[in-house]
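Take a look at the structure below.
The values are calculated or read from the model by the stated rules, or taken from the named source; none is laboratory data. Here the structure is a predicted model, which means the values were calculated and not measured. FYI the Cβ positions are ideal-geometry reconstructions off the backbone, even for glycines, and counts take in every protein chain you see. Calculation scope for accessible area: heavy atoms of the full protein, side chains included, ligands and nucleic acids excluded. Shrake-Rupley method; radii C 1.70, N 1.55, O 1.52, S 1.80 Å.
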Amino acid sequence: CGIEIRIGEDGKTFDRIRGDKAHPASAGYTCEKALRLDHYQNGPHRLDTPMRRRADGTFEAVDWDTAINEVAKGLARVRDLHGGESIVYYGGGGQGNHLSGAYSTATRAALGSVYRSNALAQEKTGEFWVNGKMFGAGVRGDFEHAEVSLWIGKNPYQSHGIPRARTTLKDISRDPSRSMIVIDPRKTETAELADFHLMLKPGTDAWCLAALAAVLYQEGLVNRQWIDQHGTGFEQLAPVLAAVDIERYAAICELDADLIRRAARRIASASSVAVFEDLGVQMNLHSTLCSYIEKLLWVLTGNFAKPGAQYIPTSMVSLIGGSPKKGEKEKVSPVAGARIIAGLIPCNVIAEEILTDHPDRYRAMIVESGNPVHSLADSPRMREALDALDFVVVIDVAMTETAMHADYVLPASSQFEKWEATFFNFEFPHNYFHLRRPVAAPLPGTLPEPEIHARIVEALGVFENVDLTPLHEAAAKDRVTFRDVYFEFMAQYPELSRQTPVILYRTLGPTLPDGASSAALLWGAANITALKFGPSLERAGFTGDLGEALFDAILQSPSGVVFSVDDPDDVWARLGTVDGRVHLENEVMLQALADLATQTPPGSDPDFPLVLSAGERRSFTANTIFRTPDWRKKDREGSLRISKADADELQLADGDRAVLTTARGSAEVVIETSPAMRKGHISLPNGLGVHRTPEESPVGVGPNELTSSAHRDPIAGTPYHKHVPARLSPIH
């Protein structure tokens, strides 16, 4: 969301924060996290000098020249001994700050680093894989105009994910002609507004979704005319759906079969349906299969490429890599052989790729704007893995739990001290881009990530014997001249193509207004966007040289700019399948769907009779961006939520303390009974258990002290954080 910040007289305190009414998407709407960002900007966690680990494990401050030279030498040493592929990169854009990740590609190219991962591989890669197979592109939903909205494992009232989430949800709930369907074991704030709440047994989402799809087929509610015109593979899917025992699957989910049938009929009868799946299923049993069946629900009813339905958005910069072309073999990680989806290795195999004597194991790691020790499954094992590496460098604003295990920590300027942008721009029909301006002076001793990467690349000797003078001179004249000279330069030095971010930063960057050097790479992105989506840009009002006009608008629009206006027909041209059709057939998914009929549903383990959701989003949780508990107005310790029935059985009451145990570990928790929880289901919030400073003990429980990296989806490798077998023992 766009925000306005009033800076205090000291030049750094955020005296007041409010929503920016001029922002093209949020229009003044904001959430608790945005309103309390002073705790991020001016908290005690900020680093203001590079830190180097001593032999005894403690850290000492060093100057930037020393740090950059020693980091470059350390990474080069690993590259020269073991190859660049032994250097893995993690992160590159925490909390919607994505320019840093774009510049990291230059550092990785200089080192020959080919493996990378980030938080998307914690949750989204199963859906990416399914999207790639079915559509050859990413897909979103138009909830603002949808007659029926379907939320699967998603509570936008807390997690947002769409513009003006709470306002939009309330608008839907008040409109008698529209309906909302929620599939979630918890009675969330979103579920309370829903017309249909399928409050299923935790871990049974695949059976529930399969039953919904089967109703569509078995009751003749499939839009065959649309599928015959736009799809392929229905013949392979039909017998699998015909074989589903809807009554039995409903019983497995502990749902009334009639509720499932009524929800499916409402989907089929709607003029438009928009669907959003999120972590509740993407970090749960059968996560990739759930992504596949979810898409069947709206494909079978023809809800694609029309207002209020699913669409393929425009984009300025894609956050994910491409899918394998037809006939191209899927890439896998070097040790675990795990699928690399959208260019990302599964987070759950990173430790496995390190803690081995395999000759191709990872030997070094660059972590940027990420905290894998805290955010990835099995924190103890992740700490062990980092300590086993030959070299670790962390680029961040704080001495994070991961940074504590690094050889060097390079302090970045905060997101409010530099030009920044998010590439989470997926709206339809009006899509926007927001280049955010700095509102405070950089903390002395910090640098923006583009400068850090440029210095590392230069220290690695990438530009030795390369004359950048012609680019400097052309940029000083105008951007049209620069473009011509830049193309000539790249023709002369094609091997430097992956150094484009740093080249633009060093040559075009200094000519941009108000110190916006970090925005230089957006010049290239704007021109590519103009080539890909010209008609959409023209409908948004751009004329003439579309790429240059767009880049000017980005620089000159402090609240963001609408860069594309789409027509539903535009979406068809964005299908990336070889035949331009939607592919329903997928051998792996069809087999997994059929196998549900004979699989043993998740049941009660006498040793672990409860199911823990590790990482619930609440009003006052925000991953690890806030490192002090002082930002939370309530629930300082992050209570464990539990049903009243389970609490009574264990003789627990609100405020009591108990020991929570999983197969991986134990932790002491504070109890909170909640009417949102069904019996047998408990939840811990995300973002707790972080160190305010390295010297202070954390407040609350870090959920990944209790999770296992082996507990993961067999296709995408995403963790089962929302289905962790657990037990509770009262402390009396």
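Can you confirm whether Ala137 is under 19 Å from the mean Cα position of the chain (by Cα) and surrounded by fewer than 24 Cβ atoms within 10 Å (Cβ to Cβ)? Explain how you work it out, then say what you get.
Values: under 19 Å from the mean Cα position of the chain (by Cα): yes; surrounded by fewer than 24 Cβ atoms within 10 Å (Cβ to Cβ): yes.
It is true that Ala137 is under 19 Å from the mean Cα position of the chain (by Cα) and surrounded by fewer than 24 Cβ atoms within 10 Å (Cβ to Cβ).
Being within 30 Å of Gly2 (Cα to Cα) and polar (S, T, N, Q) narrows it down to one of Asn69, Asn42, so name that one. Break it down into steps so the answer makes sense when it comes.
Numbers: Asn69 fails: within 30 Å of Gly2 (Cα to Cα).
Answer to the selection: Asn42.
Would you call Asn431 part of a loop (DSSP other than H, G, I, E, B) and either over 28 Å from Glu60 (Cβ atoms) or in contact with a Pro (Cβ under 6 Å, 6 or more places away or on another chain) (or both)? Let's see the steps before the verdict.
Numbers: part of a loop (DSSP other than H, G, I, E, B): no; either over 28 Å from Glu60 (Cβ atoms) or in contact with a Pro (Cβ under 6 Å, 6 or more places away or on another chain) (or both): yes.
Against the criterion (part of a loop (DSSP other than H, G, I, E, B) and either over 28 Å from Glu60 (Cβ atoms) or in contact with a Pro (Cβ under 6 Å, 6 or more places away or on another chain) (or both)), Asn431 does not qualify.
Could you check, for segment 328-337, whether at least one of its residues is open to solvent by less than 10 Å² (accessible area, probe 1.4 Å), touching a residue at least 40 places away in the same chain (Cβ under 8 Å) and assigned to a helix (DSSP H, G or I)?
Taking segment 328-337 and keeping what is open to solvent by less than 10 Å² (accessible area, probe 1.4 Å), we get 333.
Among the residues that remain, those that are also touching a residue at least 40 places away in the same chain (Cβ under 8 Å) are: 333.
Then drop every residue that is not assigned to a helix (DSSP H, G or I), which leaves none.
No, because not a single residue in segment 328-337 is open to solvent by less than 10 Å² (accessible area, probe 1.4 Å), touching a residue at least 40 places away in the same chain (Cβ under 8 Å) and assigned to a helix (DSSP H, G or I).
Take segment 77-100 and flag every residue that is over 11 Å from Ser113 (Cα atoms), in contact with a Leu (Cβ under 8 Å, 6 or more places away or on another chain) and surrounded by fewer than 23 Cβ atoms within 10 Å (Cβ to Cβ).
Of everything in segment 77-100, just one residue is over 11 Å from Ser113 (Cα atoms), in contact with a Leu (Cβ under 8 Å, 6 or more places away or on another chain) and surrounded by fewer than 23 Cβ atoms within 10 Å (Cβ to Cβ), namely His98.
Quick one: how many residues across segment 642-664 are at positive phi and in contact with a helix residue (DSSP H, G or I) (Cβ under 8 Å, 6 or more places away or on another chain)? So that I can check it myself, show each step before the final result.
Of all residues in segment 642-664, those at positive phi come to 651, 655.
In the following step, the residues that additionally are in contact with a helix residue (DSSP H, G or I) (Cβ under 8 Å, 6 or more places away or on another chain) were identified as none.
Looking only at that region, the number is 0.
Touching a His at 6+ places or on another chain (Cβ under 9 Å), open to solvent by less than 50 Å² (accessible area, probe 1.4 Å) and not aromatic (Phe, Trp, Tyr), is that true of Cys31? Reasoning before the result, please.
Values: touching a His at 6+ places or on another chain (Cβ under 9 Å): yes; open to solvent by less than 50 Å² (accessible area, probe 1.4 Å): yes; not aromatic (Phe, Trp, Tyr): yes.
When the stated conditions are applied, Cys31 passes them.
Collect the residues in segment 338-349 that are closer than 16 Å to Tyr720 by Cα and not in a loop (DSSP other than H, G, I, E, B), keeping them in residue-number order.
Once the filter is applied, which keeps residues that are closer than 16 Å to Tyr720 by Cα and not in a loop (DSSP other than H, G, I, E, B), segment 338-349 yields Cys347, Asn348, Val349.
Within the group Phe620, Phe608, which residue is under 27 Å from the mean Cα position of the chain (by Cα) and of a type outside the set (S, T, N, Q)?
Details: Phe608 fails: under 27 Å from the mean Cα position of the chain (by Cα).
Step by step, each of Phe620, Phe608 is checked, and only Phe620 is under 27 Å from the mean Cα position of the chain (by Cα) and of a type outside the set (S, T, N, Q).
Go over the candidates Pro359, Pro380 one by one and state the one that is outside any loop (DSSP other than H, G, I, E, B), open to solvent by 30 Å² or more (accessible area, probe 1.4 Å) and modelled with pLDDT of 95 or more.
Details: Pro359 fails: outside any loop (DSSP other than H, G, I, E, B).
Result: Pro380 is the single residue among Pro359, Pro380 that is outside any loop (DSSP other than H, G, I, E, B), open to solvent by 30 Å² or more (accessible area, probe 1.4 Å) and modelled with pLDDT of 95 or more.
For segment 387-424, name all the residues that are surrounded by fewer than 24 Cβ atoms within 10 Å (Cβ to Cβ), outside any strand (DSSP E or B) and aliphatic (A, V, I, L, M).
If the condition is that a residue be surrounded by fewer than 24 Cβ atoms within 10 Å (Cβ to Cβ), outside any strand (DSSP E or B) and aliphatic (A, V, I, L, M), then Ala388, Leu389, Met399, Met404 are the ones that fit.
Which residue is farthest from Asp713 (Cα to Cα), if the candidates are limited to segment 154-178 and must be open to solvent by 10 Å² or more (accessible area, probe 1.4 Å) and in contact with a helix residue (DSSP H, G or I) (Cβ under 7 Å, 6 or more places away or on another chain)?
First, the residues of segment 154-178 that are open to solvent by 10 Å² or more (accessible area, probe 1.4 Å): 155, 157-164, 166-168, 170-171, 173-178.
Restricting the remaining residues to those that are in contact with a helix residue (DSSP H, G or I) (Cβ under 7 Å, 6 or more places away or on another chain) gives 155, 157-158, 162, 166, 178.
Numbers: Asn155: 22, Tyr157: 27, Gln158: 25, Ile162: 26, Arg166: 31, Arg178: 35 Å.
It comes out as Arg178.
Please state which of the following conditions Thr446 fails to meet, knowing it meets all the rest: (1) touching a strand residue (DSSP E or B) at 6+ places or on another chain (Cβ under 9 Å); (2) under 20 Å from Thr314 (Cα atoms).
Every condition holds for Thr446 apart from (2).
When you go through (1) touching a helix residue (DSSP H, G or I) at 6+ places or on another chain (Cβ under 9 Å); (2) open to solvent by less than 40 Å² (accessible area, probe 1.4 Å); (3) not β-branched (Val, Ile, Thr) one by one for Ser639, which number turns out not to apply?
(1)
Quick grid of which residues meet (1) open to solvent by less than 50 Å² (accessible area, probe 1.4 Å); (2) over 29 Å from His430 (Cβ atoms); (3) not hydrophobic (A, V, I, L, M, F, W, C):
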residue: Lys21; (1), (2), (3): no, no, yes
residue: Pro24; (1), (2), (3): no, no, yes
residue: Pro44; (1), (2), (3): no, yes, yes
residue: Leu47; (1), (2), (3): yes, yes, no
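Residue-by-condition table, conditions (1) open to solvent by 70 Å² or more (accessible area, probe 1.4 Å); (2) in contact with a strand residue (DSSP E or B) (Cβ under 8 Å, 6 or more places away or on another chain); (3) not in a loop (DSSP other than H, G, I, E, B):
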| site | (1), (2), (3) |
| --- | --- |
| Pro450 | no, no, yes |
| Ile456 | no, no, yes |
| Gly461 | no, no, no |
| Val466 | no, no, no |
| Glu473 | yes, no, yes |
| Tyr486 | no, no, yes |
| Thr500 | no, no, yes |
| Tyr505 | no, no, yes |
| Pro510 | yes, no, yes |
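Is there a residue in segment 196-216 that is buried (at least 18 other Cβ atoms within 10 Å of the Cβ), closer than 26 Å to Cys1 by Cβ and touching a helix residue (DSSP H, G or I) at 6+ places or on another chain (Cβ under 9 Å)? Let's see the steps before the verdict.
Initially, segment 196-216 is screened for residues buried (at least 18 other Cβ atoms within 10 Å of the Cβ), giving 196-216.
This time we only want the ones that are closer than 26 Å to Cys1 by Cβ, so: none.
No, segment 196-216 contains no residue that is buried (at least 18 other Cβ atoms within 10 Å of the Cβ), closer than 26 Å to Cys1 by Cβ and touching a helix residue (DSSP H, G or I) at 6+ places or on another chain (Cβ under 9 Å).
Please determine whether any residue of segment 107-118 is open to solvent by 10 Å² or more (accessible area, probe 1.4 Å), of a type in the set (S, T, N, Q), under 20 Å from Tyr362 (Cα atoms) and part of a loop (DSSP other than H, G, I, E, B). Step through it out loud before you land on a result.
Kept after step one, since they are open to solvent by 10 Å² or more (accessible area, probe 1.4 Å), are these residues of segment 107-118: 108-110, 112, 114-116, 118.
Then keep just the ones that are of a type in the set (S, T, N, Q); that gives 118.
Of the ones still in play, those that are also under 20 Å from Tyr362 (Cα atoms) are 118.
Next cut, part of a loop (DSSP other than H, G, I, E, B) only: 118.
Yes; the residues of segment 107-118 include at least one that is open to solvent by 10 Å² or more (accessible area, probe 1.4 Å), of a type in the set (S, T, N, Q), under 20 Å from Tyr362 (Cα atoms) and part of a loop (DSSP other than H, G, I, E, B).
Just one of Val690, Val699 is in contact (Cβ under 8 Å) with a residue 60 or more places away in the chain and under 21 Å from Asp378 (Cβ atoms); which is it?
Among Val690, Val699, only Val690 is in contact (Cβ under 8 Å) with a residue 60 or more places away in the chain and under 21 Å from Asp378 (Cβ atoms).
Looking at (1) assigned to a loop (DSSP other than H, G, I, E, B); (2) surrounded by fewer than 17 Cβ atoms within 10 Å (Cβ to Cβ), which is the one condition that is false for Asp228?
Result: Asp228 passes all but (1).
When the residues of segment 164-196 are filtered to those that are among the hydroxyl-bearing types (Ser, Thr, Tyr) and assigned to a loop (DSSP other than H, G, I, E, B), which remaining residue is nearest to Arg678 (Cα to Cα)?
Restricting attention to segment 164-196, the residues satisfying the condition of being among the hydroxyl-bearing types (Ser, Thr, Tyr) are 167-168, 173, 177, 179, 188, 190.
Still in the list and also assigned to a loop (DSSP other than H, G, I, E, B): 177, 188.
Values: Ser177: 30, Thr188: 11 Å.
So the residue we want is Thr188.
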